[in-house]
């Protein structure tokens, strides 16, 4: 009976140590933004040629859009996706208008919905999505399409 207690206590100590080290590591590693700060312009357009583009230079709108994108969870793609006939939307972040964007987020809303973040043309994160992807996209579209209030 004493041997069994000793093994149980050792196992419990090991589990507690693992949990403590995992929580310490998680607490010390700040979440990494997929889209960094610095944008002075954000645009959203349908990826097809001639699609309408909406844009905002409002710093508060840009910051909120960044938070929404950075808050999307990683989404595991489904093993089989239905045919996707929808046109993706591209959200682009610019430090200076007239230059290439420093970050792009491609929203694919049909088939297996997901968002893909690219920096300098390279995909930098696994597909993002989750059950709130469409609601998040809709909010981003409303925020960017809203006229900036004048004072």
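Please treat every number below as a calculation from the coordinates, not as lab data. Just so it is clear, the model here is predicted, and its values are computed rather than measured. Cβ: placed from backbone, ideal geometry, glycine included. Neighbour counts: every protein chain shown.
Normalised by 2.2 N^0.38 Å, where N is the number of residues, the C-alpha radius of gyration of the stretch 41-145 stands at 1.03. Neighbour counts of C-beta atoms inside 10 Å place 44, 133 in the sequence 133, 44, starting with the fewest.
Among 91, 109, a tally of other beta-carbon atoms within 10 Å of each Cβ gives an order, fewest to most, of 109, 91. When each of 66, 141, 57 is scored by the number of other beta-carbon atoms lying within 10 Å, the sequence from fewest to most is 57, 141, 66.
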